[in-house]
Structures are given as structure tokens and as C-alpha cells.
1. What whole number of Å gives the distance from the Cα centroid of the stretch 115-143 to the Cα centroid of the stretch 9-53?
2. Based on Cβ point charges of +1 for Lys and Arg and -1 for Asp and Glu, what charge dipole magnitude is obtained for the chain about its Cα centre, in debye rounded to the nearest 20?
3. Pairs of Cα atoms under 8 Å, at least six residues apart: use those to get the relative contact order of the stretch 1-148, whole percent.
4. What nm distance separates the two modelled labels at Lys75 and Thr142, each placed 7 Å from Cα along Cα→Cβ?
5. Take the alpha carbon atoms of the stretch 2-156, find their radius of gyration, then divide it by 2.2 N^0.38 Å using N residues; give the quotient.
6. Excluding same-chain pairs closer than 8 in sequence, count the lysine pairs in the stretch 2-156 whose Cα atoms lie under 22 Å apart.
7. For the stretch 82-158, what ratio Rg/Rh do Cα atoms give with a Kirkwood hydrodynamic radius?
8. Hey, if you put +1 on the Cβ of every Lys and Arg and -1 on every Asp and Glu Cβ in the chain, which of His11, Leu105, Leu77 ends up farthest toward the positive end of that dipole?
Amino acid sequence: MIRFGIGYDVHKLVANRKLILGGVEISHPLGLEAHSDGDVLIHALIDALLGAAALGDIGQHFPMTEEFKNISSVKLLERTCELIKAKGFSVGNADSIIVAQKPKLAPHILNMRKRLAEVLNVDVDAVSVKAKTEEGLGFTGTEQGIAAYAVVALEKAT
């Protein structure tokens, strides 16, 4: 059996925060405001995984409590993978898009793919990360925030 899930996340860009995307720290004067480290790519991926397994959403599992304040989103993804595995699923593949006007993300894509593949326990060829700008339009185009979309396929033995 194969099940699909879709995820989306967005966070505001602010000063005095690190920019972390796909578990990779990226040099940029602004970072993402959030209760955790604000990694929109991993947050979208978590929601896609949880959705495919019919396990709710990121807020249900990782609420805005002290336990999760400033936590690495990689740790949240690891916990999500444990939930998926407990339900008998494994990741088939993941496809994602980061929407950001700046910084240029192309130099970081392979490192993001490698980091995500490691946590998802899949080959790097099963993880796709793409980056798009919005040609100066909307909140991402005017550099007010960054958004991400993710789709995953989960496999379960029947």
C-alpha cells in the first residue's frame, strides 16, 4: 500500500535568528521566527508525513510548549519518523519546494537533501528539494518570509 501526504509551512524573516532550512544552517542576515528553529522545509515535510499516515499535524505532536522551545526541527523530524515507523510505514520518497527571494539556495540543496535523506532513512535519490523565487511578488518575494511545500509517499507492507 502507498499513501501520500502534503505539507506546507511559512515563517516570518526576522533579525537575530539563524536561518536553517532542511537541517542546514545558511549564512543570511535574517532567520525565521518560530517557537522551534523555524525550519519551514522540515515543518512542511513533517506535516506531509503525518498526513500520509493519518496522524494529524505538527501542532498536535509538537505544541508550543517549553519542551519544544528553540528545538532543532531535525529532532522533530526524527520523532515523526518514529511515529511513522510505529504505524508500519516507511518513506518511499519526498519532494519539496522552498519559496524564498533570498538567499540563493542552489548551493545548499545537495546538503539539505543529504541531511533529510539521513533522517528519513532513505537514499539521497529519494529526496528532492527545489528552490523558487516569487519574482518580487507577495510576502516571500518582498523578503518578509519563507514558505515551503512538501509531498511524501509512504509505503506499508500489506
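Read-outs: derived from the displayed coordinates by stated rules, not from any lab. Here the structure is a predicted model, which is why all the values come from computation and not from measurement. Ideal geometry is used to build each Cβ from the backbone, glycine not excepted, and the neighbour counts take in all protein chains shown.
1. 11 Å
2. Details: 17 positive and 19 negative charges, 31 e Å.
Here the size comes out at about 160 debye.
3. Working: 279 pairs, mean separation 40.3, N = 148.
So the answer I get is 27 percent.
4. Here the modelled spin labels are 3.6 nm apart.
5. Numbers: Rg = 14.6 Å, N = 155, 2.2 N^0.38 = 15.0 Å.
That works out to 0.97 for the stretch 2-156.
6. Counting lysine pairs in the stretch 2-156 gives 27.
7. 1.08
8. Farthest towards the positive pole: Leu105.
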